[in-house]
């Protein structure tokens, strides 16, 4: 699968276990502490020796490029569910075609259209915008595999099922300049160098309300 997308010359640059922690397994004081956060990461509440695993209770729409500012890395994210995931188990939610704006800053400028259940997405670099983008919840059985680009907006709502959701997350980098590879066609590499230089930060200091909560 990954060879078809990235070419034979690819490498795994990160691999990690991810646990979406159920509300039922969190004490009330932690739920109160993270309530208004866009990224409800739980690492602050986990002993250092256990932080080789990522724990969270919901994360607003974001790009995986957020952790690789200024680096020209051509990678995708591979995600494998380790248990059956239904709508109550914080399934990944992706906004289709959102990668076309390439790098933008978190929290991202999104407007939700209630009438047609879609998003308008605005660039913070120029006047570009994408209208009426649909979203998809990635539910699935154990061992289901999904993949998306470093610029695809995705996130999860908090977990309401009493069971935790367990997953494997891989960041997989292409080292091929072949323009015919799917990853290079999708991202149109010839046009994105300017955007790498224009993006001042992958994170803004201001707050926006969590966009992912609007789809409930």
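Values quoted throughout were computed directly from the atomic coordinates according to the rules given, and no laboratory measurement underlies them. Being a predicted model, the structure only gives us computed values, none of them experimental. Heads up, the Cβs are rebuilt from the backbone with ideal geometry, glycines too, and the neighbour counts pull from every protein chain shown.
For the reader, a short list of remarks on this structure follows.
- Relative contact order, whole percent, for the chain stands at 36, derived from Cα pairs under 8 Å and 6 or more residues apart.
- Between the range 122-192 and the range 19-36, the Cα center-to-center distance that results, in Å: 26
- Ordering 183, 13, 172, 19 by the number of other Cβ atoms within 10 Å of each residue's own Cβ, fewest first, gives 13, 19, 172, 183.
- Altogether, the Stokes-Einstein calculation at 10 °C and 1.306 mPa s, with the Kirkwood radius of the range 70-116 over Cα pairs as Rh, returns a diffusion coefficient of 111 µm²/s.
- Counting Cα-Cα pairs of the range 123-168 in 10 Å increments starting at 0 gives whole-percent bin shares of 15, 45, 24, 14, 2.
- Size descriptor for the range 1-119, Kirkwood hydrodynamic radius: 17.1 Å (Cα pairs only, one decimal).
- Under 14 Å from a label point set 7 Å out along the Cα-to-Cβ vector of residue 83, the amide N atoms of the range 143-170 belong to 143, 159-168.
- Radius of gyration and maximum dimension Dmax of the range 63-158, Cα, Å: 14.1, 42
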